[in-house]
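The values are calculated or read from the model by the stated rules, or taken from the named source; none is laboratory data. A quick note: this is a predicted structure, and the numbers were derived from the prediction, not measured. Neighbour counts are summed over all protein chains in view; Cβ atoms, including those assigned to glycine, are modelled from backbone coordinates with ideal geometry. We work out accessible area using only protein heavy atoms, side chains counted, and drop any ligands, DNA or RNA first. Shrake-Rupley method; radii C 1.70, N 1.55, O 1.52, S 1.80 Å.
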Amino acid sequence: MPADRATAETITSVHTWVPGKLFSFRTTRPADFRFAAGQFARIGVPPSPGAQVAPVDMVWRAYSVASSVHDPELEFFSIVVPDGAFTSQLVTFKPGDAIYLDPVAYGFLTTDRFADGEDLWLVSSGTGLAPFLSILQDPAIWQRFRNVVVVHSVREVAELAYRHDIEHFATHPNFAGFFAEHPDRLRYVPVITRGDAQGMLDARLPELLADGRLERAAGLSLDPARSRVMLCGNPDMLKALRQQLGEQGFKPGRRGEPGNLAVENYW
Ligand code: FAD
């Protein structure tokens, strides 16, 4: 990252979902930082708490932007990796602390990769939900797709971050009018892989896809002609899903040829 490009931003709020495991934070946003819903930014912290170092010597990591492209701030949703060079520091940050941003957006997990379709499937594990939170707030997708399905797989129910926001998306101030006229356009499918699933789907995504439970829970079939699928999160899970979907006829876009599958691995 060119050192002269980094901007110092201020953390404006922090929300803990699961102490020591999952949190979200918001930062100021440079006026000229533009991104498309689904893209990621690079954010940086010093190599040790409070160390004064040049941007080039900071620890930089990719982070999907979870907030709307119209939001005056930026929101990120983060894991805490025990002893992780980046997240073990980040989790100690408080409002008012500085974080560094490479104000260039990266990535191809964007709906412009797809030809128009009927159903947009946003399938994630863990913090892989983040880019889909931004995409949900993109008015264009509600014009382009009849149905939007959000699948979020986590270990335990407590890790279903943003569950309330997604379940009540129809009351979002920017979309309430639309949903009043077009109810049931968003389908939320939480998946729990350990512990008490409280009646939710309770197996790994590849198994749920293979035995049809995922489609039944969404009330829609996965069909390459009508479905457009985005996958984000754990690379092992994505590899398995990608192979299964490939066998059903889904494929990523190529130059000049829009596909019906887009994938982003987090590590
Ligand atoms: P690292 O040394 O980077 O990672 C150590 C190990 O932790 C990895 O090998 C892996 O096993 C595990 N790990 C890393 N990230 C995750 C994760 N997110 N969930 C579960 N296990 C993980 N992370 C986020 O939390 N939120 C995001 O929005 C996000 N967006 C990303 C976008 C892209 C394009 C990529 C490539 C990665 C993204 N990541 C995201 C991962 C992030 O860049 C870091 O890897 C993460 O913050 C951990 O940093 P670390 O230095 O603490 O640990």
Write out, first by first residue and then by second, each pair whose Cβ atoms fall under 8 Å of each other, whose residues are 6+ apart or on separate chains, and whose first residue, in region 256-267, is part of a strand (DSSP E or B) and within 16 Å of the ligand (Cβ to nearest atom) while the second is hydrophobic (A, V, I, L, M, F, W, C) and open to solvent by 70 Å² or more (accessible area, probe 1.4 Å).
Ala262/Phe108; Glu264/Phe108
For region 98-120, state whether one or more residues are within 11 Å of the ligand (Cβ to nearest atom), within 11 Å of the chain's Cα centre (by Cα) and either in a strand (DSSP E or B) or over 27 Å from Val151 (Cβ atoms) (or both).
no
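Yes/no matrix, rows are residues, columns are (1) open to solvent by 60 Å² or more (accessible area, probe 1.4 Å); (2) of a type in the set (A, V, I, L, M); (3) closer than 22 Å to Ala37 by Cβ:
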site: Arg185; (1), (2), (3): no, no, yes
site: Gly195; (1), (2), (3): yes, no, no
site: Ala203; (1), (2), (3): no, yes, no
site: Ala217; (1), (2), (3): no, yes, no
site: Gly233; (1), (2), (3): no, no, yes
site: Lys239; (1), (2), (3): yes, no, no
site: Gly253; (1), (2), (3): no, no, yes
site: Asn265; (1), (2), (3): yes, no, yes
Could you tell me whether Ile135 is farther than 19 Å from Ala6 by Cα, under 17 Å from the mean Cα position of the chain (by Cα) and surrounded by fewer than 21 Cβ atoms within 10 Å (Cβ to Cβ)?
no
Helices (runs of 4 or more DSSP H) wholly inside region 144-210 that include at least 1 residues being free of Cβ contacts under 8 Å to residues at least 12 places away in the same chain and among the small types (Gly, Ala, Ser)
176-181
Of all residues in region 41-78, which are outside any strand (DSSP E or B), surrounded by fewer than 21 Cβ atoms within 10 Å (Cβ to Cβ) and at pLDDT 95 or above?
Ser68, Val69, His70, Asp71, Pro72
Looking at Ser24, Ser78, Ser88, Ser64, can you tell me which residue is within 10 Å of the ligand (Cβ to nearest atom), of a type in the set (Gly, Ala, Ser), closer than 22 Å to Cys232 by Cα and without any contact (Cβ under 8 Å) to a residue 60 or more places away in the chain?
Ser78
